[in-house]
Amino acid sequence: MSASNKQVLLEIKDLKIEGFTGEEWIPIIKGVDLTLHRGEVMGLIGESGAGKSTIGAAAMGFARDGTRISDGTIEFDGMELTTATEEDRRALRGARIAYVAQSAAASFNPAHKIIDQHTEAPLHYRIQKRLEAQEDAMELYERLRLPNPQEIGFRYPHQVSGGQLQRAMTAMAMACRPDLIIFDEPTTALDVTTQIEVLAAIRDIVDQFDTAAIYITHDLAVVAQMADTIKVLLKGEEVEEAPTKEMLDSPKEDYTKSLWAVRSLRREQKSRPQGATPVVSVQNVDAAYTGGVKVLDDVSFDIYEGMTVAVVGESGSGKSTTARCITGLLPPKKGQILFRGEPLPPSYLKRTKDQLRQAQMIYQMADTALNPKVRISEIIGRPAQFYSGLHGGALKQRVDELLDLIELEPSKFYDRFPPELSGGQKQRIGIARALAAEPTFIICDEVTSALDQLVAEGILKLLNRLQSELNLAYMFITHDLATVRSIADEVVVMQHGRVVEQGPKDEMFTPPHHPYTDLLLSSVPEMDPEWLTSLLEERGVDNVGEAANV
């Protein structure tokens, strides 16, 4: 049955939401309409600040801290949420409307077992008794193809992988068999192979229970696999809406077309300078964490001046652990790290100030990497003061130069705090902080994975420009192969702590590949609504949920 022939479940008309700046209320959502039928999936896309998550929260009759619903109607299955009592709205949440967050790791309580958190809602709403709720949880775990469904729920959140935890959260959302689920960027932080598992599991469970969903994302290829209809948002206003295939084939508005074009960013591959010594050379490194379990096994690769080596692989493949060894945070058990041909002390505690200065990091989550209570001028100024001894006017001049370098106007950003900045602006501050030490080598750890595609493109262009101007060497850790095409000269593929393949980018993207590299490449979503179905069929998966076992 087409969505148009099904009952309307959620209807939002002329929704207006305001946010408080500390001095006044300003418009955030500026008159958006949304109609969702039973069993239909609507994709909300747009750049950061478009209002996607704010609308998703409003669909539950909820306004985030610092915001208020100022006008419009939100009718869920005949109930007007804007005039309903708070008690009535709370009775819907978890029971008839569920929410799946972007980061399962941050959303589960680490002190309680997964199954105890799963059964909380059905017990609270007296839908099931504890034993019945636990048995139902295990059945949902099995439907979502989680390993050992009879026992995985009795683990703590930290004892399962990110992809497994994300599927456990989807199972938890289904515990009361809701009519509507809000999926808020549920695969953004996942590697491509884990993302396939989660997407297939979500699509399977939505189909099986005829559940309606709002799927919030900035990844167009992902939303193409999930949504019946796509609504494009910009700065709190609707740009356009259409069935998924129609939207992909012929977007009408220029803004939508610009979103579609982002993945076309490509950089010409550079070749290694002949006879040059690598800036950083990782040589036969083994490493282990507490307990002695080996996490790196004979890892070797080189990074040259002015070049970018992308290190790719699934979660747990050893990418970030290798970075920790390079920076001296995790001393290798075997092997060594050379800087310009000279061995570095294994631990950062034994490295000189100049050795520490030469290698800097830009982190994945700018929200947690920047102290929210410290001004931008101090965040950037501290490394300039520590490594270069700058003070007073000279320090202010250096901070201004760095803000100019990352394309942020000094007069507007010098005295601001991180919470006053957008995600892309925060990431630029992270870049400036790394540059303040005047390094030769920078490790970029998933620096665009939490950003929407337009903002990510701006960051990649900035990194490319800075590399060209300052002749920097980059180690770029990522699970996004589209990003690899945009920034890398060479690629290192890691699996289970080992390097399984490496070489120049153009060669790595040309068959034949190592089987694991082929798996990664084939798992990158395409802008085709049939891509996921075709992929699962090629892999011999009869039921989309079985993707977890591939």
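The values are calculated or read from the model by the stated rules, or taken from the named source; none is laboratory data. What you are looking at is a predicted structure, and each value in this text was computed from that prediction instead of being measured. Note that we place each Cβ from the backbone using ideal geometry, even for glycine, and neighbour counts take in every protein chain shown. Heads up: the accessible areas ignore ligands, DNA and RNA and are worked out on the full protein's heavy atoms, side chains in. Shrake-Rupley method; radii C 1.70, N 1.55, O 1.52, S 1.80 Å.
Counting only Cα atoms, the chain measures 71, 54, 47 Å along its principal axes, largest extent leading.
Full extension of the segment from residue 531 to residue 498, taken as 0.36 nm per residue of separation minus the current Cα-Cα distance, would add 8.9 nm. Once both labels are positioned 7 Å from their Cα atoms along Cα-to-Cβ, the gap between residue 93 and residue 355 label points is 5.2 nm. Model label sites at residue 407 and residue 272, defined 7 Å from Cα along the beta-carbon direction, differ in position by 3.2 nm. On the beta carbon distance between residue 75 and residue 158, with R0 = 45 Å, the FRET formula returns roughly 0.65.
Just name one of 495, 527, 471: the one whose Cα is farthest towards the positive end of the charge dipole of the stretch 444-550 (beta-carbon charges, Lys/Arg +1, Asp/Glu -1). Value: 471. Kindly state, to the nearest 0.05, the FRET efficiency for residue 257 paired with residue 464, given R0 = 30 Å and r defined as their beta-carbon distance. Efficiency at R0 = 30 Å is approximately 0.80.
Taking every full run of DSSP H in the chain, the ones that stretch at least 15 Å from end to end by Cα along their long axis and average 0.5 or higher on the Kyte-Doolittle scale are 192-209. Per residue, the accessible area of the chain comes to 44 Å², computed with a 1.4 Å probe over protein heavy atoms only.
Spin-label model, residue 329/residue 249: points 7 Å from Cα along the beta carbon direction are separated by 4.8 nm. Here the chain has 47 percent of its accessible surface on carbon and sulfur atoms, given a 1.4 Å probe and all protein chains in place. When nucleic acids and ligands are ignored and a 1.4 Å probe is applied, residue 349 ends up with an accessible area of around 130 Å². Figure legend: label point modelled 7 angstrom from the Cα of residue 471 along Cα→Cβ; residues of the stretch 263-284 with amide N under 19 Å from it are 270-281. Taking a sphere under 10 Å around the Cβ of residue 231 and counting the other residues whose Cβ falls inside, with K and R at +1 and D and E at -1, yields a net charge of -3.
Ordering 298, 445 by accessible surface, largest first, gives 298, 445; the 1.4 Å probe counts only protein heavy atoms, with every chain in place.
Of 187, 301, 345, whose Cα points farthest to the positive end of the dipole of the chain (charges on the beta-carbon: +1 Lys, Arg; -1 Asp, Glu; origin at the Cα centre)? So the residue we want is 345.
Annotation for the stretch 151-171 versus the stretch 317-343: alpha-carbon center distance of 31 Å.
For the chain, the 222 nm mean residue ellipticity estimated from helices alone, with every DSSP H stretch of n ≥ 4 adding -39500 (n - 2.57) and the total spread over all residues, rounds to -10000 deg cm²/dmol. Toward the positive end of the charge dipole of the stretch 157-300, with +1 on the Cβ of Lys and Arg and -1 on the Cβ of Asp and Glu, the farthest Cα among 212, 200, 158 is that of 158. To the nearest 10, the accessible area of residue 14 is 70 Å² with a 1.4 Å probe. The Cβ shell under 14 Å around residue 110 holds other residues with a net charge of +1, Lys and Arg each +1, Asp and Glu each -1.
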